[in-house]
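The values are calculated or read from the model by the stated rules, or taken from the named source; none is laboratory data. Being a predicted model, the structure only gives us computed values, none of them experimental. In this analysis, Cβ positions are derived from the backbone assuming ideal geometry, glycine residues included, and neighbour counts consider all displayed protein chains. Just so you know, the surface numbers come from the protein's heavy atoms only, side chains and all, with ligands and any DNA or RNA stripped out. Shrake-Rupley method; radii C 1.70, N 1.55, O 1.52, S 1.80 Å.
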Amino acid sequence: MAPTYSIEQLLSGGRGRVVAGVDEVGRGAWAGPVTVCAVVTDLTDPPPRLTDSKQLTALRRAALVPLLEEWAVGIGYGDATHEEIDALGMTEALRRAARRALEALPVRPDAVILDGKHDYIGPPWPVRLEVKGDSASISVAAASVLAKVRRDAHMATLGFEEYGFADSAGYPSPVHQAALAAFGPTPHHRLSWSYLDDLPQWRHLKKHRDPLVGEGQDALF
């Protein structure tokens, strides 16, 4: 089922209120940043075959990017680094990345459609949570594609070919896991995460976050 503007139309209320669709990528990766994209449209027809980024090939996602950039009224990106994730936990890292994305928009949204069931953005933006929003909302679908292409491109520039970042984008692929076991974490790895518990030879590198800061790796899973 293709995404529609039904949620955007509901939130705009026919009064010209600005609605942004927001999605993230990189939450479950073991290395690299988490990236959030916010997209505002004028409710015109989107480029063809736009849907949840996970349903598209890498080639189709890349082909959509220039079309989405020309079509959207505004696009904002925000990242939170692996250091921020280690220091603050994923919930706070996502909040910071999302706020950076929203603040980077050329227009200030009156409401936000956020993919998922947890509001990690918070005030002052009114947030409408939508499970599988990237399949339901056109603006969220656009955000999902743009966020993934941006983060994948960043991960491919990091080098460390033996870890397969260009293919796995820092997620735990077999190649990535084998390299971790053999060579240990790179400077781009999240060192507070539990994968290090399964690597006795590298366990001493694990960072332990202050339990009063952030909500930890699994707060949103």
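Figures for the structure shown
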| quantity | calculated |
| --- | --- |
| Residue match in segment 81-98 (condition: among the small types (Gly, Ala, Ser), open to solvent by 40 Å² or more (accessible area, probe 1.4 Å) and over 24 Å from GLN9 (Cα atoms)) | yes |
| Qualifying helices (runs of 4 or more DSSP H) (wholly inside segment 71-156; at least 2 residues being without any contact (Cβ under 8 Å) to a residue 40 or more places away in the chain and of a type outside the set (D, E, K, R)) | 138-156 |
| Failed condition for ALA29, given (1) open to solvent by 10 Å² or more (accessible area, probe 1.4 Å); (2) of a type in the set (A, V, I, L, M, F, W, C); (3) outside any strand (DSSP E or B); (4) in contact (Cβ under 8 Å) with a residue 24 or more places away in the chain | (1) |
| Failed item, numbered, when THR4 is tested on (1) in contact (Cβ under 8 Å) with a residue 12 or more places away in the chain; (2) out of contact with any strand residue (DSSP E or B) (no Cβ under 8 Å at 6 or more places or on another chain) | (2) |
| Residue satisfying all of: in segment 45-65; of a type in the set (Lys, Arg) and assigned to a helix (DSSP H, G or I); surrounded by the fewest Cβ atoms within 10 Å (Cβ to Cβ) among these | LYS54 |
| Residue match in segment 203-218 (condition: open to solvent by 60 Å² or more (accessible area, probe 1.4 Å), in contact with a Leu (Cβ under 6 Å, 6 or more places away or on another chain), assigned to a loop (DSSP other than H, G, I, E, B) and modelled with pLDDT under 95) | yes |
| Residues of segment 166-187 satisfying the condition of being within 21 Å of ALA58 (Cβ to Cβ), assigned to a loop (DSSP other than H, G, I, E, B), open to solvent by less than 60 Å² (accessible area, probe 1.4 Å) and in contact (Cβ under 8 Å) with a residue 40 or more places away in the chain | ALA169, GLY170, PRO172 |
| Residue match in segment 190-199 (condition: at pLDDT 95 or above, touching a strand residue (DSSP E or B) at 6+ places or on another chain (Cβ under 8 Å) and either hydrophobic (A, V, I, L, M, F, W, C) or not in a loop (DSSP other than H, G, I, E, B) (or both)) | no |
